[in-house]
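> Attaching a single structure in structure tokens format; questions to follow.
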Amino acid sequence: MKIHEYQARDIFNKYGIPVPNHVLCHTVKEVEEAMANIDHLVVVKAQVLVGGRGKAGGVKLAKNKEEAVKAAEQILGMDIKGCTVEKIIIADAADIEKEYYVGLINDRNSKSVTLMVSAEGGVEIEEVAKNNPELIHKFNINPQTGLLDFQARNVAMKLFKDVKLARKAADIFQKLYQIFLDTDSTLAEINPMVLTPDNDLLAIDGKMNFDDNALYRQPELLAIREVDEDEQKEIDAKEKGLSYIKLDGNIGCMVNGAGLAMATMDMIKLYGGNPANFLDIGGSSNPQKVVDAMNILLSDKNVEAVMINIFGGITRCDDVARGLITALDVIKTDIPIVVRLSGTNAAEGLALIKQTGLPTVSTMSEAAQKAIELSKR
Amino acid sequence: MSILVNKDTKLVVQGITGRDGQFHAGRMKAYGTQVVAGTSPGKGGTTVDGIPVFDTVEEAVKATGANASIIFVPAPFAADAILEASYAGVDLVIAISEGVPILDMIRVTPILKQNGTKLIGPNCPGLITPDEALLGILPGMIFKKGNIGLMSRSGTLTYEVVNMLTENDMGQSTVVGIGGDPVAGLYYIELLEMYQNDPETEAIVLIGEIGGDAEEQAAEYIAKYVTKPVVSFIAGQTAPPGKRMGHAGAIISSGSGTAEEKIKAFARSGVPVAKEPSEIPGLLKKKMATATA
């Protein structure tokens, strides 16, 4: 799960990480009201759940009310990577001496939360990570001790020679770590953290992602969760015990198991086709699940053929076949379907499917080729 | 020989009175695994399918000498169950539970290390040494005893490949489903070391997925330390970046963890990567023929 910048700012604020003031606005009128009492430089920033808004023109400086209103008029309603801007913030602009990067992530390799900092903060941090990884300092936090004072300070000293500043930075690192733990984050970034001419450190922008598996114990996050149309489809699928992701192709696929589902998409590509989705129906032969899966799959109007790829393990293929037949009876679609069953009781399952007249095959390769062929008719 | 589990492994099933625990305890027992105990707080003294149930893992270990545990409890309680098994002194814990929070696994990791407990999973199908012991939810009937070691991040894709191996008369020493989560227990490198040292394993299949850089690290390790033939397959070659494909682990971000990078890394280490799963038996035969020549 992701949140907007203003929501991350609110969390930072609550934990005492210094953040410039901001006002959230949904309309130009709200911007006019917000600017009534402001006579200093502000930043008007689009609030969207995708990156790259600066380059898209979604962040503008404004010296006064007129400029802020003009910027708001341009930004509100703007399309950034498929997201329409519905909210903006008017944030106090900070005087910037230098920009830094501070980030926390779950690291698979060290199996710990890793603190990453760099004196090369700003929008190009991913380029820095790629081309000059030595400019990013990393520290793996021991979950049993947490981020100790001296450890936070030592990391901060890599950014600041002045020990007073290093202590201020260390305090921010420790607070960010506490936020990370308390909210089950998978990513918590301050980018940039800026140094002002008055030797203050401020979080100018924040990005946070959270562990979907931990949302059950994060009621405050669930309450502010926003989802777009594609995500809503994915959430609906999850509630039915399915895992669905829409893609751009025309061959719908229904598979049991995530790894096999990915391999199925690869196979469709390998033989020159284009998968319309990722769809994992899990390990059950329940006909209702197949009906739900087919309905989701066929709600995508780009789908011109469907490949059903099932490996029967503990679930027997003949049970799956019965589920499919029941499901297809309910759905009645003209879109061509090819069924591939393998594993436990595959022969019995295929025999049942054959009676319905649907094309059946026994290997993944054949299924992919057949589905592509059918999609071209 | 084999790795991790054999006919002497004594298993305790945590969460044996739940739907999945009960079902799979029965299946594992039917396969021939020594399922010596189950646990379910408050239900000690009862039995499930003839298996004695205890309130705690500690009691189960004391009474039965169990040295491995398998966990079927719901995800919010999985980390606690893993630690209970670890403190009770079992050597190997298999966590089947799906959807365990990442920070829970990060907190568990150093404690397992201190206690010397090996973990497989979470979000994994378990492991099997054919004809000896099945610890997990794998379909026992598709496996055949033999000399191929196989490890994989996915479930049904593993079965797909195992089925092809078995059909080609290539049996397996031990097959391990390591699970799809970003922070998990035993991974490729630890298992590669075990397969390399296992006299019964003659060749190794590594089934990877996009996301993370575990495959790249495995490739480096193979080049340095593994003399047995290794063949690989990477799922998710066509997955778009930034999308989570069912497995929390299968997500590409910031240009790392792509299938292309993994395939290149394996190529550098002399590990052939199958274009599709059905190529694996052929690639293995070729590799094994050149290894013995």
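The values are calculated or read from the model by the stated rules, or taken from the named source; none is laboratory data. Keep in mind that what you see is a predicted model, and the values were worked out from it rather than measured. For neighbour counting, all protein chains shown are included, and Cβ atoms are generated from backbone atoms with ideal geometry for every residue, glycine included. When the accessible area is computed, the model is the full protein with side chains, heavy atoms only, and any ligands, DNA or RNA have been set aside. Shrake-Rupley method; radii C 1.70, N 1.55, O 1.52, S 1.80 Å.
> Which residues, taken from region B:116-150, are open to solvent by 30 Å² or more (accessible area, probe 1.4 Å) and either out of contact with any Gly (no Cβ under 8 Å at 6 or more places or on another chain) or among the hydroxyl-bearing types (Ser, Thr, Tyr) (or both)?
Within region B:116-150, B:Gly116, B:Met141 qualify.
> Something else now. If you check B:Pro122 against the conditions, is it within 14 Å of another protein chain (Cβ to nearest Cβ), touching a Ser or Thr at 6+ places or on another chain (Cβ under 9 Å) and assigned to a loop (DSSP other than H, G, I, E, B)?
Details: within 14 Å of another protein chain (Cβ to nearest Cβ): yes; touching a Ser or Thr at 6+ places or on another chain (Cβ under 9 Å): yes; assigned to a loop (DSSP other than H, G, I, E, B): yes.
For B:Pro122, the condition - within 14 Å of another protein chain (Cβ to nearest Cβ), touching a Ser or Thr at 6+ places or on another chain (Cβ under 9 Å) and assigned to a loop (DSSP other than H, G, I, E, B) - is met.
> Next up: Can you list the strands (runs of 3 or more DSSP E) lying wholly within region A:128-223 that have 3 or more residues being away from chain B (no Cβ under 14 Å)? Talk me through it step by step, then tell me what you get.
Details: elements: A:136-141, A:185-195, A:201-203, A:206-210.
Correct list: A:136-141, A:185-195, A:201-203.
> Another one. Take the residues in region B:128-157 that are at pLDDT 95 or above and assigned to a loop (DSSP other than H, G, I, E, B); name whichever of them is nearest to the other protein chains (Cβ to nearest Cβ).
Ranking the qualifying residues of region B:128-157, first place goes to B:Phe143.
> Of these, A:Gly103, A:Gly57, A:Gly16, which one is assigned to a loop (DSSP other than H, G, I, E, B), open to solvent by less than 80 Å² (accessible area, probe 1.4 Å), touching a helix residue (DSSP H, G or I) at 6+ places or on another chain (Cβ under 9 Å) and within 30 Å of A:Met157 (Cα to Cα)? Full working, then the answer.
Values: A:Gly103 fails: assigned to a loop (DSSP other than H, G, I, E, B); A:Gly57 fails: within 30 Å of A:Met157 (Cα to Cα).
None of the other options fit; the residue is A:Gly16.
> May I pose another question? Among the candidates A:Gly272, A:Gly282, A:Gly249, which residue alone is open to solvent by 20 Å² or more (accessible area, probe 1.4 Å), more than 19 Å from the chain's Cα centre (by Cα), farther than 18 Å from B:Thr158 by Cβ and of a type in the set (Gly, Ala, Ser)?
Only one candidate qualifies: A:Gly272.
> Identify all residues within region B:87-107 that are out of contact with any strand residue (DSSP E or B) (no Cβ under 7 Å at 6 or more places or on another chain) and within 14 Å of chain A (Cβ to nearest Cβ); write none if there are none.
Going residue by residue through region B:87-107, those that are out of contact with any strand residue (DSSP E or B) (no Cβ under 7 Å at 6 or more places or on another chain) are B:87-89, B:98-101, B:103-105, B:107.
B:Glu98, B:Gly99, B:Val100, B:Pro101, B:Leu103, B:Asp104, B:Met105, B:Arg107 - these are the residues of region B:87-107 that are out of contact with any strand residue (DSSP E or B) (no Cβ under 7 Å at 6 or more places or on another chain) and within 14 Å of chain A (Cβ to nearest Cβ).
Rundown of residues vs (1) closer than 18 Å to B:Thr201 by Cα; (2) of a type in the set (A, V, I, L, M, F, W, C); (3) within 11 Å of another protein chain (Cβ to nearest Cβ), yes/no style:
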site: B:Thr109; (1), (2), (3): no, no, yes
site: B:Tyr159; (1), (2), (3): no, no, yes
site: B:Val162; (1), (2), (3): yes, yes, yes
site: B:Met170; (1), (2), (3): yes, yes, no
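> Among the listed residues A:Ala327, A:Ala321, A:Ala351, A:Ala368, which satisfies the condition of being within 14 Å of chain B (Cβ to nearest Cβ) and among the hydrophobic types (A, V, I, L, M, F, W, C)?
Sole residue among the options that is within 14 Å of chain B (Cβ to nearest Cβ) and among the hydrophobic types (A, V, I, L, M, F, W, C): A:Ala368.
> Taking only pairs six or more apart or across chains, which ones have beta-carbon atoms under 6 Å, a first residue in region A:326-342 that is free of Cβ contacts under 8 Å to residues at least 40 places away in the same chain, and a second residue that is open to solvent by less than 10 Å² (accessible area, probe 1.4 Å) and part of a helix (DSSP H, G or I)?
A:Val338/A:Ala367; A:Val338/A:Ala371; A:Val339/A:Ile353; A:Arg340/A:Ala367; A:Leu341/A:Cys317; A:Leu341/A:Gly349
> A further question follows. Out of region B:23-47, which residues are over 13 Å from B:Ala66 (Cβ atoms) and more than 14 Å from chain A (Cβ to nearest Cβ)?
B:Lys29, B:Gly32, B:Ser40, B:Pro41, B:Gly42, B:Lys43, B:Gly44, B:Gly45, B:Thr46, B:Thr47
> Find the residue count for region B:3-19, including only residues that are within 12 Å of B:Ala66 (Cα to Cα) and open to solvent by 50 Å² or more (accessible area, probe 1.4 Å).
Number satisfying all stated conditions: 2.
> What's the total number of residues in region A:268-309 that are more than 9 Å from chain B (Cβ to nearest Cβ), among the charged types (D, E, K, R) and within 17 Å of A:Ser375 (Cβ to Cβ)?
Adding up the residues that qualify gives 3.
> Of the residues that make up region A:45-54, is at least one open to solvent by less than 70 Å² (accessible area, probe 1.4 Å), assigned to a strand (DSSP E or B) and charged (D, E, K, R)?
yes
> Take the conditions in contact with a helix residue (DSSP H, G or I) (Cβ under 8 Å, 6 or more places away or on another chain), open to solvent by less than 20 Å² (accessible area, probe 1.4 Å) and modelled with pLDDT of 95 or more and apply them to B:Val162. Does it pass? So that I can check it myself, show each step before the final result.
Numbers: in contact with a helix residue (DSSP H, G or I) (Cβ under 8 Å, 6 or more places away or on another chain): yes; open to solvent by less than 20 Å² (accessible area, probe 1.4 Å): yes; modelled with pLDDT of 95 or more: yes.
Yes; evaluated as a whole, the condition is true for this residue.
> Looking at region B:202-222, is at least one residue part of a loop (DSSP other than H, G, I, E, B), more than 10 Å from chain A (Cβ to nearest Cβ) and under 13 Å from the mean Cα position of the chain (by Cα)?
Among the residues of region B:202-222, not one is part of a loop (DSSP other than H, G, I, E, B), more than 10 Å from chain A (Cβ to nearest Cβ) and under 13 Å from the mean Cα position of the chain (by Cα), which makes the answer no.
> Go through the residues of region A:118-129 one by one and say whether even a single one is on the phi > 0 side of the Ramachandran plot, surrounded by fewer than 13 Cβ atoms within 10 Å (Cβ to Cβ) and of a type outside the set (Gly, Ala, Ser).
Checked against the condition, which is being on the phi > 0 side of the Ramachandran plot, surrounded by fewer than 13 Cβ atoms within 10 Å (Cβ to Cβ) and of a type outside the set (Gly, Ala, Ser), region A:118-129 yields no hits at all.
> Considering only residues that are closer than 28 Å to A:Val28 by Cβ and β-branched (Val, Ile, Thr), look in region A:78-115 and name the one that is farthest from the chain's Cα centre (by Cα). Break it down into steps so the answer makes sense when it comes.
First pass over region A:78-115, keeping only residues closer than 28 Å to A:Val28 by Cβ: A:78-96.
Narrowing further to those that are β-branched (Val, Ile, Thr): A:80, A:84-85, A:88-90, A:96.
Working: A:Ile80: 16, A:Thr84: 17, A:Val85: 18, A:Ile88: 21, A:Ile89: 22, A:Ile90: 25, A:Ile96: 30 Å.
That would be A:Ile96.
> In addition: Check whether at least one residue in region B:189-198 is hydrophobic (A, V, I, L, M, F, W, C) and assigned to a loop (DSSP other than H, G, I, E, B), and report yes or no.
no
> I've got another one for you. For region A:108-127, enumerate the residues that are more than 29 Å from A:Lys164 (Cβ to Cβ) and more than 10 Å from every other protein chain (Cβ to nearest Cβ).
Across region A:108-127, the qualifying residue is only A:Glu127.
> For region A:233-267, what are the residues that are assigned to a helix (DSSP H, G or I) and more than 8 Å from chain B (Cβ to nearest Cβ)?
Residues satisfying the conditions are A:Lys233, A:Glu234, A:Ile235, A:Asp236, A:Ala237, A:Lys238, A:Glu239, A:Thr264.
> To continue, here is another question. Out of all the residues in region B:165-187, which are assigned to a loop (DSSP other than H, G, I, E, B) and either under 14 Å from B:Pro125 (Cβ atoms) or open to solvent by 10 Å² or more (accessible area, probe 1.4 Å) (or both)?
B:Asn168, B:Asp169, B:Met170, B:Ile178, B:Gly179, B:Gly180, B:Asp181, B:Pro182, B:Ala184, B:Gly185, B:Leu186, B:Tyr187
> Is it fair to say B:Ala63 is open to solvent by less than 20 Å² (accessible area, probe 1.4 Å) and among the aliphatic types (A, V, I, L, M)?
no
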